[in-house]
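The values are calculated or read from the model by the stated rules, or taken from the named source; none is laboratory data. Predicted model, so just to flag it, every value in this text is computed and none were measured. Cβ: placed from backbone, ideal geometry, glycine included. Neighbour counts: every protein chain shown.
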Amino acid sequence: MDDKKEENEEKKKLVFAKTMYDVQRIRLERLMQNPDKPIIIPERPKERQAPDAPDFVRNVMGSSAGAGSGEFHVYRHLRRKEYARQRAIQEKAKREQLDDNYQKKLDDNKMKADEKTAKKRAKRLKKKGKQKNKKPKTAEQKKDDDSESDTNDDEEKSESEEGSEKAEKGQEDVQREKSD
């Protein structure tokens, strides 16, 4: 019995939500207390159809003189009904126009994105093709390149040594000319 009382007290205890997160948490906890209970998800409201054009009423004289007191109200009612029907038709046409513009904009954005990705793809494939056309160096070619660079280094060293020897000889020749 004490257990039931405690459970009832916990249920009766009010919890105030301070944030929207708390509100959502409380709602989910309430739903999960009874998972077998079906949840009713409301359907979207259906679009209203524009009312049909009114049948022609022959006895209505309009709002002009000569109409009886009851005829004016019939005329006014039919006029309001027709204006409402025309307004509904105009709103529907405007909605369709906005939907068409939106779809056109989506299509344009998709086309631009496709063109951009196609351009990048072509560039990527072109770069990949260039790399493919280059012959990969084999181990022998790499060794040859290394040995060529070693010989080139030796040649460069010998050229620099020759250049320094020439510079020394040139200085000696300059000194001899000065002494003569």
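Look at Gln97 and say whether it is surrounded by 11 or more Cβ atoms within 10 Å (Cβ to Cβ), within 30 Å of Gln49 (Cα to Cα) and at pLDDT 65 or above. It is false that Gln97 is surrounded by 11 or more Cβ atoms within 10 Å (Cβ to Cβ), within 30 Å of Gln49 (Cα to Cα) and at pLDDT 65 or above. Criterion first (outside any helix (DSSP H, G or I), more than 29 Å from Ala93 (Cβ to Cβ) and at pLDDT 75 or above) does Pro38 satisfy it? Judged against the criteria, Pro38 is a match.
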